[in-house]
1. What ranking of L159, L49 comes out by heavy-atom accessible area, probe 1.4 Å, highest first?
2. Peptides 128-134, 147-153: what's the order by average Cβ count within 10 Å, highest mean first?
3. Near K192, which lysines are there with a Cα under 24 Å away, not counting those fewer than 8 places off in the same chain?
4. Just to verify a number: FRET efficiency for N313 and N429, C-beta to C-beta distance, R0 = 35 Å, to 0.05?
5. Going by a ≥ b ≥ c, the root eigenvalues of the Cα gyration tensor, does segment 188-271 fall in the rounded group (a/c under 1.5), the prolate group (a/b larger than b/c) or the oblate group?
6. Using the Kirkwood radius over C-alpha pairs as Rh, can you work out the diffusion coefficient of segment 23-87 via Stokes-Einstein at 25 °C, viscosity 0.890 mPa s, in µm² per second?
7. Going down the list K140/K478; K140/K449; K478/K507, which pairs span over 26 Å between their C-alpha atoms?
8. So how exposed is K436, as accessible area in Å² (1.4 Å probe, rounded to 10)?
Amino acid sequence: MIKDDHQCKYEVFKNTAKSIGILTVCTLLGFLFYRSGFTEANIIMVYILGVLLTSIAASHQIYSLISSVASVFLFNFLFTHPRFSFTAYETGYPVTFIVMFLTAYITGTFALRYKEQAKCSAQVAYRTRILFETNHLLSKAEDKSEIINAAAQQMAKLLNRNIVVFENMEGFLSDPKMFPADSVVSLIYDRKKELAAVEWVLKNNHSAGATTQILYDLSYLYLPMSVNDRIYGVVGIESVDCTLDALEYDISLSILGECALALENEKNVREKKAAAILAESEQLRANLLRTISHDLRTPLTTILGNASSLMSNGDSFDAETKKQVYSDIYDDSVWLLSLVENLLYATRIEEGRMALHTSTELFSDIVEEAVKHISRKAEGHSLTVVHEDDLMFVKADAKLVVQVIINLIDNAIKYTPSGSSILLSTGRNGDMAEIKVADTGPGIPDREKKKIFDKFYCGTNEIADNRRSLGLGLYLCKSIIEAHGGTICVMDHLPHGAVFLFTLPIKEVTLHE
């Protein structure tokens, strides 16, 4: 950034004070040498040293030049005969003065040159470090916003200029994002005035604005952030009263090129992930359709066959046979209804349409409602219900929680042989209501416990009724319970079997008698 008037005046004052201070010290040393009997050559060396120190301490060569002239006059005035006058009687003094001036001048010039070289080397090292940092930050950035922010912040740090960024939003410009330089307290940007140059750069993929021949009367130089013909955005670099030198311009283009490549890579990775997700979704969809077609056909075939038998030969069946046929039709219909319910819930979860309609419910009533729906399927199993607290209320969507309990009990019935025991117990654990569904079946291997709540995961245990599962029941249980703010897990039931446990928030109520 160009220094303002106050900064310039401060620099002049600081350099002048340093030069005067060094000359004063040299003069005091000269008096000390003079009184100590040192020769004039020794005093001359003190002033030459002073010029050298001035060239190192000051920021411009003019100070070392003035210091050289002042040293000659001070030496002539204070230490040559006659003292305290600018006349010199000895014939060699003019040559001494000229040699002294040239020596001081040349020494100061070389010192300034080395100082400039050291400054340039330090600047090159700083810019190189910034470029390495930029490359590292771009490689670590995970999305488009992080990539653009990293590149813009590094440019502001490197150039010490204000930076403005416009993203390309499918042919339209985003709102400007400002990145002020470290030394700038406030940032003023006239978007209306600068917008024409930004749009021109976006359209033509070429620089415009300050220091160019296109819309040059602006405050910012605009460069495209592009790779090949794809433009990801436009970056503006403040160029009020000053232009980028060739090195700064090349470095800016380098950073923008690296940024565009990072954005291109991020876009490719994002598209590959989207393609992979789509492919996986299509594969899951195909598997689901195959599974559904098989699982729907099996009960429908049974229902159709039994119904056909009743229509054709119903009059010849005795009462016991008819009851068995009706029971088979009912069981298959209930199983089919449960399958369809789970599919509908899964679809709502996937589409984000599963809204909770919570109310304060008596927990034991929810459990009894679920048991009522499942009691017929539990024939052949010993189903026991135990309530630790009959008056425990929860804040829940009763219909969904009933579906969770049905799924858990149905899962226990499916994977346990006839005659197994199923215990459904409720209790309180702090501010959460807790329900356990424990069975005495073969249990669940440890390797499957982490995956058992995954969508479409069916496990490896053999199903007792030989009906395949879609692997949606436990997935739905987990989604519904977590939506209520509860948790669900599976544990071993010693000596054998499995325990499914889930929690729901307790709702304290005041009962008025």
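The values are calculated or read from the model by the stated rules, or taken from the named source; none is laboratory data. It should be emphasised that the depicted structure is a prediction, and the values quoted were computed from it without experimental measurement. Cβ coordinates were reconstructed from backbone atoms using ideal geometry, including for glycine residues, and neighbour counts include every protein chain displayed. Heads up: the accessible areas ignore ligands, DNA and RNA and are worked out on the full protein's heavy atoms, side chains in. Shrake-Rupley method; radii C 1.70, N 1.55, O 1.52, S 1.80 Å.
1. On the way: L159 10, L49 95 Å².
Solvent-accessible surface, decreasing: L49, L159.
2. 147-153, 128-134
3. Output for K192: K177, K203.
4. 0.05
5. prolate
6. This corresponds to a translational diffusion coefficient of 206 µm²/s.
7. Exceeds cut-off: K140/K478; K140/K449.
8. Here the residue's solvent-accessible area equals roughly 80 Å².
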